[in-house]
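See below for the structure under consideration.
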Amino acid sequence: MNRPALAAFSLLVAASAAGAVGANLGRDVAANCTSCHEADGRSRGGIPSLVGQDRLNLVQQMRDFRDGKRPSTIMQQLAKGYSDAEIEAAAAYLSAQKAD
Amino acid sequence: MHQSRREFLRSGSASAVALALGGSGGCASMPATAPKVVVVGGGFAGATAAKYVRKWGDGKIAVTLVERGSAFVSCPLSNLVLGGSRQIADLTVAYDGLDKWGVRRITDEAMTIDPAARTIRLSSGTTLPYDRLILAPGIDFIWDAIPALASREAQEKILHAWKAGAQTIALRRQLEAMPDGGVFVMHIPKAPYRCPPGPYERACQVALYFSTRKPKSKVIILDANEDVQSKKELFTAAWNGRYKGYVEYRPNSGLVDVEVTTLTAKLDFDDVKADVLNIIPPQHAGGVARALGMANANGRFCQVDFLTYESTAERNIHVLGDAIQPAELMPKSGHMANQHGKVCAAAVVALLTGGEVNPAPVIANTCYSYIDDKEVVHVASVHRYDPATKTMRVVAGSGGLSAAANVQETVYAEAWAKNIWADMLT
C-alpha cells in the first residue's frame, strides 16, 4: 500500500470507530446520570428528572455547576468529571428521551 | 478487550449473526437463535446488567436472570433499620418490574459453569446455555478467618448483618433486647470489604438508638484497619459531637477469633467483651465467581477488563460488582455496581451484535451515609478509563465530600435510593 492510501485507510478506520462509539457516547455518559435522575421521566423524591429537558439548558446547568456559578451539594463535584463533548452528548441524549 | 468484526463472526454464534441481520425483537417473538445472556445475581450490578442488555439490545438478546432471593433487599439504607427509622420492607423491591423488559427470571442458585460448552448448571438441575455469562454474585464471607464462627449456631448468635434482610432484623432485635448500660461491639475487617463507609454509618445508627433509648449504653468499633476508611472527618465529627461519650473507635484491632458463649472479640493483645457482638467477616467474591481460577486477585476477587468487565481468566464470562478487584479508589458500593452493570451491558450488546465496544468508559460513584435520621453526608467521584494503564482512574478535580452533615442531602439520599432501585428494577 502506498503512503497516501495507507493514510486514507487509517483515517477511515479511525472515523468509523469514532462513529460507532460516538453514536453511543451520549447514551453511555447519560447512564452515569440516570442512577440518580431516573431515566423513565418519573422523578422519585428530590432529584429532578432530566428526560426531555431542553438540551442547551442542560448543558448550561452543567457548566454552571462545574464553574461554581450554581451552588449545589454534589453536582459541582460530579460535573468536573466530564469533558464538554461528553456533557453535550449526554444532554442531547437525555433531551431526546421520552418519559415512558 | 476488543473483538474485531472478524473475530465476532468466527467465535460468535451463527445465531448472533442471523439475528443481527434481521431478527425481530420482543420476548414472545424471540427466535430460538437469539444470542443468549445469563446473569447470575439480582443485586445492584446483576439486575442493572440484565435490564440494560434488554434495553440497549433492542430486545434482540435473550436475557435470563438467576437469583436465589424472591425480592431485592437493599444493603444501602439497611443500617437505618438498626437505628430504627426504617423497616426492611421499606428497602425491599420486587423483581417483577423486570418483566416488562423481557428479562426471564429464575429463582435458583448457580452451581457449575462449563466454559467449553458455555453452559451453567443451577442447583435445581436446570442447565442454561449462554453466549455471554454475567456473574454478579456479590461477596461470600471468609469464615475460616474466624474459627469459632464456623458453625451455623455461632453465626446465628454473632451476626454480620452485612447482607441486608433477616440478619439486619435479627441484629435490631438483639439491640432491642440488650439492657441499658450494655456494650455493642462491632468488628471491621481489613479493606477491601463491601461498602467502605458502611461500618461507620452503622456505628452512628446504633449510637442514635442508644442516645435516644438506652443512654447508658456504648458502641465500641474495633477496626482492623489503621484508620477510618471513608469520610473520616465527617464520621469523627459525629462521634466527637452529637454522639460524644457513645462511640469509642479503636484502630489496628485485628481479630484473631471470637468466644461465642461470652460474646468476646479476641484481638492480638486484648479481649473485648460485648453484650451485642457484630462481626463483619473478611470477604471474597461470591462462590460462582471464584470458580475456574477467576478469583485471580489474591485468590479473593476477580480481575476484569474495565472495558467489558470480562474476566481476565475466562472468555465470555463477565464479573461485576463487589466480586471484582476494583481499580484504586473504586469502592465496593451499590452505586459502582450499578455502573459496572451498564458498562458491561453496553459491551455485551456490542460484542453480540457486531458493534464496537466503547474504548473510553466513564463512570461515577456516590455513597450517602446517614449520620442520624435527619442528617446525611456523601462521598462522590468520577472514574475514567486510562488506555495507557488499562485501568480506571479518578478524574483529577472531580468528586469530593459533603462539607458537613446536613439535612438537605437527606432528601437527596432518599431520592438516590428510590431512583437507583428504579433504574435497576423497573
>> If I stretch the segment between B:K190 and B:T92 completely, what's the gain in nm (0.36 nm per residue apart, minus their alpha carbon distance), one decimal?
In response: 32.4 nm
> Total Å² of accessible surface buried at the B-A contact, 1.4 Å probe, nearest 100?
Replying inline: 2700 Å²
> Using heavy-atom solvent-accessible surface (probe 1.4 Å) with all chains present, what is the largest-first order of B:R250, B:R105, B:R194?
Replying inline: B:R105, B:R250, B:R194
> Tell me, what is the percent relative contact order of the range A:24-96, built from C-alpha pairs under 8 Å that lie six or more residues apart?
Replying inline: 46 percent
>> Give me the count of lysine pairs in the range B:144-283 whose alpha carbons sit under 24 angstrom apart, restricted to pairs 8 or more positions apart or on different chains.
In response: 28
> Once a ≥ b ≥ c are taken as the square roots of the eigenvalues of the Cα gyration tensor of the range A:24-96, is the result rounded (a/c under 1.5), prolate (a/b larger than b/c) or oblate (a/b not larger than b/c)?
Replying inline: oblate
> What order do B:V357, B:V183 take when sorted by accessible area (1.4 Å probe), most exposed first?
Replying inline: B:V183, B:V357
> Say we join alpha carbon atoms closer than 10 Å with springs in a Gaussian network model of chain B; which of B:L320, B:L307, B:L122 then has the biggest fluctuation?
Replying inline: B:L122
> Going by a ≥ b ≥ c, the root eigenvalues of the Cα gyration tensor, does the range B:207-254 fall in the rounded group (a/c under 1.5), the prolate group (a/b larger than b/c) or the oblate group?
Replying inline: oblate
>> 5 Å is the cut-off here: which amide hydrogens, built 1.01 Å from N in the peptide plane, fall below it relative to B:S253, excluding neighbours closer than 5 in sequence?
In response: B:D223, B:A224, B:N225
> Once the principal axes of the Cα atoms of the range B:137-253 are found, what is the range along each, listed largest first in whole angstroms?
Replying inline: 37, 31, 24
> What FRET efficiency comes out for the pair B:A117/B:K244, r = Cβ-Cβ distance, R0 = 51 Å, nearest 0.05?
Replying inline: 0.25
>> With an 8 Å Cα cut-off and a minimum separation of 6 or more residues, compute the relative contact order for the range B:280-415 in percent.
In response: 17 percent
> Per q in 0.06 1/Å, what log10 I(q)/I(0) does a Debye calculation on the alpha-carbon atoms of chain B return?
Replying inline: -0.26
>> Compute, for chain B, the length of the dipole vector about the Cα centre, with Cβ point charges of +1 (Lys, Arg) and -1 (Asp, Glu) only. Units Debye, rounded to 20.
In response: 820 debye
> Near the amide H of A:S49, under 5 Å away, which other amide H atoms are found, from residues 5 or more places off or on another chain, if H is placed in the peptide plane?
Replying inline: A:S43
>> Whole-Hz ³J(HN,Hα) for each residue in the range B:33-48, computed from phi via Karplus 6.51 cos²θ - 1.76 cosθ + 1.60 with θ = phi - 60°, x for glycine and proline: what do you get?
In response: 8, 4, x, 10, 10, 10, 10, 10, x, x, x, 4, 7, x, 5, 4
>> Given a 1.4 Å probe, show me the residues in the range B:373-393 buried by at least 10 Å² of accessible surface when comparing the whole protein assembly to the chain alone.
In response: B:H378, B:A380, B:V382, B:R384
> Mind listing the phi-derived Karplus ³J(HN,Hα) values for the range A:90-97, rounded to whole Hz, using 6.51, -1.76 and 1.60 with θ = phi - 60°, and x for any glycine or proline?
Replying inline: 5, 5, 4, 5, 5, 5, 7, 7
>> To check my understanding: the extent here is largest minus smallest coordinate of the Cα atoms along each principal axis. What are those three numbers for the protein assembly as shown, in Å, largest first?
In response: 81, 58, 45
> Shape of the range B:325-426 from its Cα gyration tensor (a ≥ b ≥ c, root eigenvalues): rounded if a/c is under 1.5, otherwise prolate when a/b > b/c, or oblate?
Replying inline: oblate
>> List the residues of the range B:330-357 for which accessible area in the full set of protein chains is at least 20 Å² lower than for the chain on its own; 1.4 Å probe, protein heavy atoms only.
In response: B:H335, B:Q339, B:K342, B:A346, B:E356
> Taking a 1.4 Å probe, which of B:K342, B:K60 shows the most accessible area, and what order do the others take after it?
Replying inline: B:K60, B:K342
> Want the number for B:N298 to B:N406: 0.36 nm per residue separation, take away the alpha-carbon distance, what's left?
Replying inline: 35.0 nm
>> With a 10 Å cut-off between alpha carbons and a GNM built on chain B, which of B:P147, B:P115, B:P129 moves the most?
In response: B:P147
> Using the heavy atoms of the protein chains alone and a 1.4 angstrom probe, what is the accessible area of the protein assembly as shown per residue in square angstrom?
Replying inline: 41 Å²
> Taking the simple approach of a point 7 Å from Cα along Cα-to-Cβ for both B:N252 and B:T389, what is their distance in nm?
Replying inline: 2.9 nm
>> Over chain B, what is the relative contact order in percent, taking alpha-carbon pairs closer than 8 angstrom and at least six residues apart?
In response: 18 percent
>> Of the candidates B:N298, B:N79, B:N365, which one comes out as most mobile in a Gaussian network treatment of chain B with C-alpha springs shorter than 10 Å?
In response: B:N298
>> Taking θ = phi - 60°, what integer Hz values does the Karplus form 6.51 cos²θ - 1.76 cosθ + 1.60 yield along the range B:302-313, in sequence order, with x for Gly and Pro?
In response: 9, 7, 10, 7, 6, 7, 10, 6, 6, 4, 7, 9
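The values are calculated or read from the model by the stated rules, or taken from the named source; none is laboratory data. Since we're looking at a predicted model, the values are computed, not measured. Glycine also receives a Cβ, built like all others from the backbone with ideal geometry; neighbour counts cover every protein chain displayed. These area figures cover heavy atoms from the full protein model, side chains too; ligands, DNA and RNA do not enter into them. Shrake-Rupley method; radii C 1.70, N 1.55, O 1.52, S 1.80 Å.
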